[in-house]
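Everything on this sheet refers to the single structure shown next.
What follows is calculated from the coordinates using simple rules that are stated; it is not laboratory data. Keep in mind it's a predicted model, so treat the numbers as computed, not measured. Virtual Cβ from ideal backbone geometry, glycine too; neighbours counted across all protein chains shown.
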């Protein structure tokens, strides 16, 4: 993959505790799967950086290679790939996402 | 061969699932970016297999994505995955 794209991804996930690569923006998601993850994070009151991959074809391909994961959205916490929509939803329902965020020292506001 | 059948064949060979459900959900996504006008772009998959035992959620989905990598590259835009072991399937019966 393009080294510049890889470098940008590494910087984004290093500089931000919670990063969501998604289609559209957190306010206007362009895809139901991205919207579902935004909803979970919003419900938990977690501050996150949403990165719209639709506006950057290089990033759109690059992020799939970066995580070796073929689909969007992709959630990263403290630089670590957590999963896509299904995994985030399952973890949230099981309380595991809340646990992961708390373990990583990330503030969640909602009582889930 | 349609994509659902291709995926079913490959997943059956690789994972010997005790239960495998492939639901074409493309109609619900028609018209949005990534939806293929010919259909077969979005699927819901439930795979119940002993092969998932001791694997994390990520590892299970990676395994499935790897098996149907060609289908994803050619046509399939989104897979919604439920990956369960037989024991977990017993605990979480599908509604």
Per-residue average of Cβ from other chains inside 10 Å of A:56-69 = 1
key: Extent along principal axes [Cα atoms of the protein assembly as shown; Å; largest to smallest]   = 45, 37, 30
ask   = With each run of n ≥ 4 DSSP H residues scored as -39500 (n - 2.57), what mean residue ellipticity at 222 nm is computed for chain A after dividing by its residue count and rounding to the nearest 500 deg cm²/dmol?
value = -15000 deg cm²/dmol
ask   = So what's the angle, to the nearest 10 degrees on a 0 to 90 scale, between helix A:3-15 and the longest Cα principal axis of chain A?
value = 20 degrees
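Indicate, rounded to the nearest 5 percent, the antiparallel portion of the DSSP beta bridges found entirely in the protein assembly as shown.
Details: 14 of 25 bridges.
Given both bridge residues lie in the protein assembly as shown, the antiparallel proportion sits at roughly 55 percent.
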query = What is the spin-label model distance, in nm, from residue A:15 to residue B:74 if the labels are put 7 Å beyond Cα along the C-beta direction?
reply = 4.2 nm
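Averaged across B:51-64, how many Cβ atoms of other chains sit within 10 Å of each residue's Cβ atom?
Other-chain Cβ atoms within 10 Å of each residue's Cβ, averaged: 2.
Which whole number gives the average count of other chain Cβ atoms within 10 Å of the Cβ atoms across peptide A:80-90? Present the calculation step by step, with values, prior to reporting the outcome.
On the way: counts 0, 1, 2, 5, 8, 3, 9, 7, 1, 1, 5.
What the average comes to for A:80-90 is 4.
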inquiry  = How many angstrom lie between the Cα centre of the range A:1-76 and the Cα centre of the range B:1-48?
reply    = 24 Å
inquiry  = Between 0 and 90 degrees, rounded to the nearest ten: what's the tilt of helix B:57-67 against the longest Cα principal axis of chain B?
reply    = 50 degrees
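When you have a sec, figure out the Kirkwood radius of chain B from all distinct Cα pair distances and drop it here in Å to one decimal?
Numbers: mean 1/r = 0.0730 Å⁻¹.
Mean inverse Cα-Cα distance, inverted, gives 13.7 Å.
As a footprinting exposure proxy, order B:85, B:12, A:71 by other Cβ within 10 Å, with the fewest listed first. Mind dumping the intermediate values first?
Working: B:85 18, B:12 14, A:71 21.
Placing the least packed residue first, the sequence is B:12, B:85, A:71.
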request  = Would you order B:67, A:63 from fewest to most other beta-carbon atoms within 10 Å of each residue's own beta-carbon?
outcome  = B:67, A:63
task = Grab the eigenvalues of the alpha-carbon gyration tensor for the range A:3-103, scale each by 5, take roots, and send me the semi-axes largest first in whole angstrom.
result = 20, 15, 12
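Once every DSSP H run of n ≥ 4 in chain B is given -39500 (n - 2.57) and the sum is divided by its residues, what mean residue ellipticity at 222 nm do you get, rounded to the nearest 500 deg cm²/dmol?
Working: 4 runs with 36 residues, N = 95.
Computed mean residue ellipticity for chain B: -10500 deg cm²/dmol.
In chain B, what percentage of the DSSP-assigned beta bridges are antiparallel, given to the nearest 5? Kindly include the intermediate steps, with their values, before the conclusion.
Details: 6 of 13 bridges.
For chain B, the DSSP antiparallel bridge percentage is about 45.
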Least to most buried among B:7, A:22 (fewest other Cβ within 10 Å first) = B:7, A:22
